[in-house]
1. Which members of the stretch 3-29 meet the condition of being among the hydrophobic types (A, V, I, L, M, F, W, C) and in contact with a Lys or Arg (Cβ under 6 Å, 6 or more places away or on another chain)?
2. Kindly indicate which of I47, I61, I6, I53 is at pLDDT 90 or above, touching a helix residue (DSSP H, G or I) at 6+ places or on another chain (Cβ under 9 Å) and under 23 Å from F113 (Cβ atoms).
3. Would you please list the contacts, defined by Cβ atoms under 7 Å and residues six or more apart or on different chains, that run from a residue in the stretch 55-66 that is within 15 Å of P131 (Cα to Cα) to a residue that is acidic (D, E) and modelled with pLDDT under 85?
4. Go through the stretch 1-20 and give me each residue that's under 16 Å from S54 (Cβ atoms) and among the hydrophobic types (A, V, I, L, M, F, W, C).
5. So how many residues does the stretch 1-49 have that are in a helix (DSSP H, G or I) and of a type in the set (G, A, S)?
6. Only residues that are among the β-branched types (V, I, T) and surrounded by fewer than 19 Cβ atoms within 10 Å (Cβ to Cβ): list them for the stretch 32-58, please.
Amino acid sequence: MLEKQIADKIKKIRKDKGYTLDHLGKLTGLSKGLLSRIENYQVSPPIGTLSKISHGLDVPIGIFFDEEEENEEEKFAVTLNNQRKQVNKIEATAELNYFSLSSLRSKKTIKPFIVKYPVINKTPSKLYDHPGEEFLFVLNGKINFIYGKKTIRLDAGDAVHFDPLIPHRVRNAGKTESECLVIITD
């Protein structure tokens, strides 16, 4: 299961670097308790949290999704539609489905995903922030992009490129599932 793989890799990289949970917490701004729950497979972290952890560990975010050791000869990766790796994020109000679009194991800093946003009735209140850059392109449906104190409606074909250090969130604004291409950089 990918969530366990991510937890195990975080723990292994942290220990290989000689970091304590407390030290990694200081580097990431995340609590020692949260990091412990992530490493012990009790919490499945959202992409923004993984980005903070990758910065704290000084590794590309993609390393958490790699199943095999890096092969220096691989310079490209093809991800067929039926071979996408899925990571489910359970939140208080909805299950977000993340599908990785690249298995390229490199020191590149981008990580592309397809994210599916289900129809929800309750407005989520938690906003996320993380280092890097983020780009979102609405493939299907309608979403509300919450950025700081602004809410912006985006429809299929609309895009937003933004600094994810500003607290943000995306939520479905339609009556059917919405789907977005999301690209995050470290």
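1. If the condition is that a residue be among the hydrophobic types (A, V, I, L, M, F, W, C) and in contact with a Lys or Arg (Cβ under 6 Å, 6 or more places away or on another chain), then L21, L24 are the ones that fit.
2. The match here is I53.
3. Final answer for the pair search is H55/D186; P60/D186; I61/D186.
4. Correct list: L2, I6, A7, I10, I13.
5. Adding up the residues that qualify gives 5.
6. Across the stretch 32-58, the qualifying residue is only V43.
The rows are residues; the columns are (1) at pLDDT below 95; (2) in a loop (DSSP other than H, G, I, E, B).
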position: N97; (1), (2): yes, no
position: S102; (1), (2): yes, yes
position: K108; (1), (2): yes, yes
position: I114; (1), (2): yes, no
position: K126; (1), (2): yes, yes
position: P131; (1), (2): yes, yes
position: E134; (1), (2): yes, no
position: R153; (1), (2): no, no
position: H161; (1), (2): yes, no
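The values are calculated or read from the model by the stated rules, or taken from the named source; none is laboratory data. The structure presented is a predicted model; accordingly, all values stated were derived computationally and were not measured. Ideal geometry is used to build each Cβ from the backbone, glycine not excepted, and the neighbour counts take in all protein chains shown.
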